[in-house]
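K.L.:
After the structure tokens below, expect a handful of questions from me.
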2 protein chains.
Amino acid sequence: MKPILSYLKLYRTQEDRELATAFARIIGRKPLNLDLYKLAIRHASSTVVVETGRNNSNERLEYLGDAILGAIVADYLFKKFPYQDEGFLTEIRSRIVNRESLNQLARKIGLSVLVEFDSRRRSRLSHKSIYGDALEALVGAVYLDQGFKRCQAFVLQRLIGPHFDLDQVVQTNLNFKSRLIEWAQRENQSIRFEIIEESGSQHSREFVAQVVVNDEAISTGNGFSKKKAEQAAAAKACELLSLL
Amino acid sequence: MKPILSYLKLYRTQEDRELATAFARIIGRKPLNLDLYKLAIRHASSTVVVETGRNNSNERLEYLGDAILGAIVADYLFKKFPYQDEGFLTEIRSRIVNRESLNQLARKIGLSVLVEFDSRRRSRLSHKSIYGDALEALVGAVYLDQGFKRCQAFVLQRLIGPHFDLDQVVQTNLNFKSRLIEWAQRENQSIRFEIIEESGSQHSREFVAQVVVNDEAISTGNGFSKKKAEQAAAAKACELLSLL
């Protein structure tokens, strides 16, 4: 640990000091290299390409953070579920680190506020996964700034621990088709699933399914089996109907 | 570091001592928990399900090792190529950690011999990626046994460093279509690419392409653009013609 005085030197402006405090609240430690954290909240849509031609956005940090986060969560679940097979572990991991889940998490920990603060062009913030991207980039920044062990502590104690109920994650029903059917019964709507297209050769057939609610087609989905095409169409329908 | 004597205690049988020496030659350190390494070379095809119902193969270790290896290589490339974007980094990483590359690497470092030694049923060894799977599992075992830092040193100093020429990896032509065309010119064969099917809605069109050599269709491929469908068909053709 560096003494307090060196931090005062590191953070030269009042804005830097405030930003450092905001990040410290999120990650549990004062940033050493604040520039990494500033970069983490800089989305490509609000980036000015600097003169060297180097793209000065958080996309490289996001690539790194995605891999580090994946490894930390893989290790965590490996030890948490010693009797489950790799298919189970992979599925649970993807439920934790998927785009929507990371977007929500970024909002919960207050990272989204910093991203908005950084962005000079609010109109471009419509990009769907801007907060989740920033969260992955932040994991990359913490890894580079603090090393693997401290990054692991940040992910487990500040992200996974307080914000995921593992029992609930395991029990969540990700079968979109049955969710839709439950919804239709509850709301007294008629619903059916149809395969409307088949294509491809014998070895790689592909299907297009559609979801029809009250005789109106509301979504379609593709897949390499009828079941997968139906799931894809049902997932879109769930999103449209806000059932996620 | 534990003193030498404790290793003598750890490795009880002559076979264990020999196995520990063999692993030490591969990873550069004596295993602490030899059981992890034994598990790493135990492929599902040669596994007896133990009484607890716990699947005693290397698949869980492979899941963990895949994630750890991905993170270590992501970090390595991030620092090696400070001016390249995340698309480049992702592509180079997948060239290093893809199944075929890991299979070859497992043979180069002598891990394949240990896997064969372990397997009681050679006939099942036809499984394509058994060596690459074992290598990922070994990375998982080293991570659990030695921690992140030493696992990182193993991957960089014993796997990536001696066995990958990064300049060559970057320059490798992965454009299957142009490889095929080069082959056809060299071998004086006629070749053409055809789009034989289009399907899907306006927003997600899909295409099926086929490769025709001397008026005979030899492979097909699917993709969300004509170019991708052609690449997929060309990749299969390259495999058939042993051009990979």
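Rule-based calculations on the coordinates, nothing more; no lab input. Just so you know, these numbers come straight off a predicted model, no measurement behind them. Counting neighbours? That spans all protein chains shown, and the Cβs are built from the backbone with ideal geometry, glycine included.
K.L.:
Treat the count of other C-beta atoms within 10 Å as a stand-in for reagent exposure and order A:Tyr11, A:Tyr63 from fewest to most.
P.N.:
Lowest count first: A:Tyr11, A:Tyr63.
K.L.:
Okay, moving on. Return the distance in nm (one decimal) between the two label points of a simple spin-label model at B:Asn188 and B:Val169, each offset 7 Å from Cα along Cα→Cβ.
P.N.:
The answer from the label model is 4.0 nm.
K.L.:
Now, a different point. A:Glu216: net charge of surrounding residues, Cβ under 13 Å, Lys/Arg +1, Asp/Glu -1, itself excluded?
P.N.:
Computed value for this residue: -1.
K.L.:
Along the axis that rotates chain B into chain A, which residue of chain B has the nearest beta-carbon, and what is the gap in whole Å?
P.N.:
B:Ala71, 2
K.L.:
Note down the net charge around A:Gly147, summing +1 for each Lys or Arg and -1 for each Asp or Glu among other residues with Cβ under 13 Å from its Cβ.
P.N.:
Net charge around A:Gly147: +2.
K.L.:
Per residue of B:77-84, count partner chain C-beta atoms within 10 Å of its C-beta, then hand back the mean as an integer.
P.N.:
Rounded to a whole number, the mean comes out at 3.
K.L.:
Given a cut-off of 21 Å, name the pairs among A:Lys177/B:Lys228; A:Lys226/B:Lys236; A:Lys80/A:Lys149; A:Lys30/A:Lys149; A:Lys177/B:Lys226; A:Lys226/B:Lys227 whose C-alpha atoms lie farther apart than that in the structure shown.
P.N.:
Pairs exceeding the cut-off: A:Lys177/B:Lys228; A:Lys226/B:Lys236; A:Lys177/B:Lys226; A:Lys226/B:Lys227.
K.L.:
How big is the shadow of the Cα convex hull of region B:176-240, averaged over all directions, in nm²?
P.N.:
3.9
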